[in-house]
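As structure tokens, the structure follows; a few thoughts come after it.
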Amino acid sequence: QVQLVESGGGLVQPGESLRLACTASIISFARYTVNWYRQAPGKQRELVASLGSGGGTNHADSVKGRFTISRDNAKRTGDLQMNSLKPEDTAVYYCKLQGTGRTYWGQGTQVTVSA
């Protein structure tokens, strides 16, 4: 059974940084697209960033220039570096691996940005 474990969430003040990590147990991790989603209270889950197996990236307009997605296939991790955090970034952040016909989700990690 494939497991995704997110870590790195927490409570920070506006302007500070956090780095989220997603560690996967799947051997063929390199073949999957790594995605980070977030869901704020009362809102739909939204895609924050994605990084394909070929290295192509996509970041939501709301986080461009502040967040950066990366991956380490040897370690089977996908990270999300979040800088200049804003209160509107407060949400539960989820990691998703997407492959051909297969999708795996992590359990989520809370990020709270508040003064």
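The values are calculated or read from the model by the stated rules, or taken from the named source; none is laboratory data. Please read these numbers as outputs of a predicted model, since none were measured by experiment. In this analysis, Cβ positions are derived from the backbone assuming ideal geometry, glycine residues included, and neighbour counts consider all displayed protein chains. These accessible areas exclude ligands, DNA and RNA; they are computed on the full protein's heavy atoms, side chains included. Shrake-Rupley method; radii C 1.70, N 1.55, O 1.52, S 1.80 Å.
In this structure, is residue 72 open to solvent by less than 40 Å² (accessible area, probe 1.4 Å), of a type in the set (D, E, K, R) and in contact with a strand residue (DSSP E or B) (Cβ under 8 Å, 6 or more places away or on another chain)? Reasoning before the result, please.
On the way: open to solvent by less than 40 Å² (accessible area, probe 1.4 Å): no; of a type in the set (D, E, K, R): yes; in contact with a strand residue (DSSP E or B) (Cβ under 8 Å, 6 or more places away or on another chain): yes.
In short, no.
Across region 1-16, the qualifying residues are those that are open to solvent by 80 Å² or more (accessible area, probe 1.4 Å) and among the polar types (S, T, N, Q), and the one among them that is farthest from residue 86 (Cα to Cα) is 1.
Selection over region 1-24 of residues that are more than 11 Å from the chain's Cα centre (by Cα), in a loop (DSSP other than H, G, I, E, B) and at pLDDT 95 or above gives a count of 5. On the given criteria, is residue 63 of a type in the set (Val, Ile, Thr), buried (at least 19 other Cβ atoms within 10 Å of the Cβ) and part of a loop (DSSP other than H, G, I, E, B)? Criteria met by residue 63.
Look at region 32-55: where a residue is at positive phi and a partner is open to solvent by less than 60 Å² (accessible area, probe 1.4 Å), sitting 6+ places away or on another chain with Cβ atoms under 9 Å, you get 55/71.
Among the candidates 108, 65, 78, the residue that is more than 23 Å from residue 14 (Cβ to Cβ) and small (Gly, Ala, Ser) is uniquely 78.
Within region 33-50, is even one residue among the basic types (Lys, Arg) and either in contact with a Ser or Thr (Cβ under 6 Å, 6 or more places away or on another chain) or loosely packed, with under 13 Cβ neighbours inside 10 Å (or both)?
yes
Counting the residues of region 17-27 that are loosely packed, with under 13 Cβ neighbours inside 10 Å, farther than 16 Å from residue 67 by Cβ and not aliphatic (A, V, I, L, M) gives 1.
Taken over region 79-115, the criterion of being assigned to a loop (DSSP other than H, G, I, E, B) and either of a type in the set (Gly, Ala, Ser) or open to solvent by 70 Å² or more (accessible area, probe 1.4 Å) (or both) is satisfied by 84, 86, 100, 101, 106, 107, 108, 114, 115.
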